[in-house]
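Asker: One structure coming up, written as structure tokens, with questions to follow.
Nothing in this text is a laboratory measurement; each read-out follows from the coordinates by a stated rule. Nothing here was measured: the structure is a model prediction, and the numbers come from that model. Every residue, glycine as well, gets a Cβ built from its backbone with ideal geometry; the counts of neighbours run over all protein chains shown.
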Amino acid sequence: MVMEKVYAVIDLKSFYACVECAERGLDPFTTPLVVCDERRGDGTIIMAVTPYLKAKGLSNVMRKFELPRGIPYIFAKPRMELYVQKSTEFNALLLNYFAKEDWYPYSIDETFIHLTPYLELYKKTPEELIEFIIKEIYDHLKLYVTVGIAPNMFLAKCALDLEAKKDPRYYARWTMEDVKTKLWQIKPLHKIWGIGKRYERRLHKLGLFTMGDIAKCPKAKLKEEFGIMGEELWEHANGIDNTDLSEKYVPLDKSLTSGQVLFRDYEVNEAPVLIREMTDELCMRMRKNNLKAKKVGLSIMTSKPESSTYSKSMSLLLPTCSNTELFKAFMEVFNKFPLEGAKIRSLHLSVSGLSSDPYEQLSLIEDYVTQNTKEQRMWETLDELHARYGKDKIMRANALTRASTYLRRTKQIGGHNK
């Protein structure tokens, strides 16, 4: 008899806020702690609030000035290095009990586990095994988790988002029998994993307002409207998800990106400073992984009220990880945008067509050895110095100009304070 598959998705509850409470020895269910750098002013974004504040109606999607008055808030400055460390410890703990083939970290605070092989190994039911893991995580990390359990990853995520987070046991288990009684009743549709509000509006135009409506809609009609995503949506509405954790996704085209949203409107003539800094970052990451790029892409969004987005890519003659060559390529793309009189608010650079080909195509025109090899050695030396002493110890001179964001970014991870 073939055992029904069982998956779990484990979510670190109010992760950033609970880490800050654990560091202070506080109970997140009785503490009004807010993860927010209050020095940035009333408009700064709140990264997380404790379960205590969530119970009072607060959410992470708000700004400091929106906090209700009359509550003695504890403001915790974001510490991304600490959160990454705790996420690593959380996943390392899971790997004490589950093999890598059955483990898939979905985000910094969520991880999927294929439980099926371990029920017989540990002689436990899915609920018993999850109760054990919940206790292990709290005993070792003093962090709380919620868990969704189901026959596939989609239903496990639904069980987590729609039921487990409100269950006093901190977990919920769904079976295929729950598809009609629980999943089909859910509305609005944007509560469902993978359905955004724009997607929801398109479904409404087809007269589809619940997952039950989608499940009963002809699959061919959804495919006609949404393509392959329509087929997947129909399958999810019927509780079907054939994702296999052991089948790792390998992208056809590898790429690296660097982007930033600016704190003020930038003049067009200030942008090259940022493009150069972001190019240097991408080249450092390529050298670290012994990669070269065959294509560059640049996207720019101008400031409101007449916000516009410009995006263009360009193939290179030869693969390279040269700072000079890639900066020239990005600037060639940049100069093609009609930006006269515009103010720039965000930049996004990408390199793609990455390869680790050890061979070089020499140029018959340029002095390859003198120019390219010398520059490569210089940057490799800088990489070593940055790794040893920090990126703020040696830098380009324009890092000290008003346009530069280099020094601020050396103190951040993912746009937030380390």
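Asker: Express in nm, to one decimal, how much length is gained between Arg285 and Lys191 on full extension, taking 0.36 nm for each residue of separation and deducting their alpha carbon distance.
Answerer: Extra length from Arg285 to Lys191 when fully extended: 30.2 nm.
Asker: Same structure, new question: Can you tell me the alpha carbon radius of gyration of the chain divided by the globular rule-of-thumb value 2.2 N^0.38 Å?
Answerer: It is 1.15.
Asker: Also: Can you give me the relative contact order of the stretch 153-245 as a percent, contacts being Cα pairs under 8 Å and 6 or more apart?
Answerer: It rounds to 28 percent for the stretch 153-245.
Asker: For the chain, with a Gaussian network of springs between Cα atoms less than 10 Å apart, report the residue from Val61, Val273, Val19 with the top mean-square fluctuation.
Answerer: Looking only at Val61, Val273, Val19, the largest GNM fluctuation is found for Val61.
Asker: A further question follows. Cross-link candidates for Lys64: which aspartates and glutamates have Cα within less than 14 Å, leaving aside residues fewer than 8 places away along the same chain?
Answerer: Partners found: Asp37, Glu38, Asp42.
Asker: Can you tell me what share of the DSSP beta bridges in the stretch 1-173 is antiparallel? A percent to the nearest 5 is fine.
Answerer: On the way: 18 of 24 bridges.
Here the share of antiparallel DSSP bridges comes out near 75 percent.
Asker: Something else: Using 21 Å as the Cα-Cα cut-off, could you pick out the over-long pairs in Lys56/Lys165; Lys205/Lys304; Lys292/Lys328; Lys5/Lys142; Lys312/Lys343; Lys5/Lys100?
Answerer: Distance filter (> 21 Å) returns Lys205/Lys304; Lys5/Lys142.
Asker: Between helix 323-334 and the chain, what is the angle of the helix's C-alpha long axis to the longest principal axis, kept within 0 to 90° and rounded to the nearest 10?
Answerer: Value to nearest ten degrees: 80.
Asker: If you don't mind, there's one more thing I want to ask. To the nearest 10 degrees, how steep is helix 15-24 against the longest Cα principal axis of the chain, on a 0 to 90 scale?
Answerer: That helix lies at roughly 90 degrees to the long axis.
Asker: Taking the Cα centre of the stretch 1-173 as origin and charging only Cβ (+1 Lys, Arg; -1 Asp, Glu), how large is the dipole, in debye to the nearest 20?
Answerer: Here the size comes out at about 560 debye.
Asker: Of Leu160, Ser59, Cys21, which is farthest on the positive side of the dipole of the stretch 1-173, counting Cα position, with +1 on Lys and Arg Cβ, -1 on Asp and Glu Cβ, and the Cα centre as origin?
Answerer: Toward the positive end, the furthest listed residue is Ser59.
Asker: Just in the stretch 255-356: which trypsin sites (Lys or Arg not before Pro) are loop by DSSP and have at most 14 other Cβ atoms within 10 Å?
Answerer: When the trypsin sites (Lys or Arg not before Pro) of the stretch 255-356 are filtered for loop state and at most 14 Cβ neighbours within 10 Å, Lys336 remain.
Asker: Could you work out which residue, out of Gly341, Gly196, Gly212, moves most in a Gaussian network model of the chain, that is, has the largest mean-square fluctuation with Cα springs under 10 Å?
Answerer: Highest fluctuation of the listed residues: Gly341.
Asker: Using unit Cβ charges (K, R positive; D, E negative) and no other charged atoms, how large, in debye to the nearest 20, is the dipole of the chain about its Cα centre?
Answerer: 1300
Asker: May I pose another question? Compute the angle between helix 153-162 and the longest alpha-carbon principal axis of the chain, please, reported from 0 to 90 degrees and rounded to the nearest 10.
Answerer: 70
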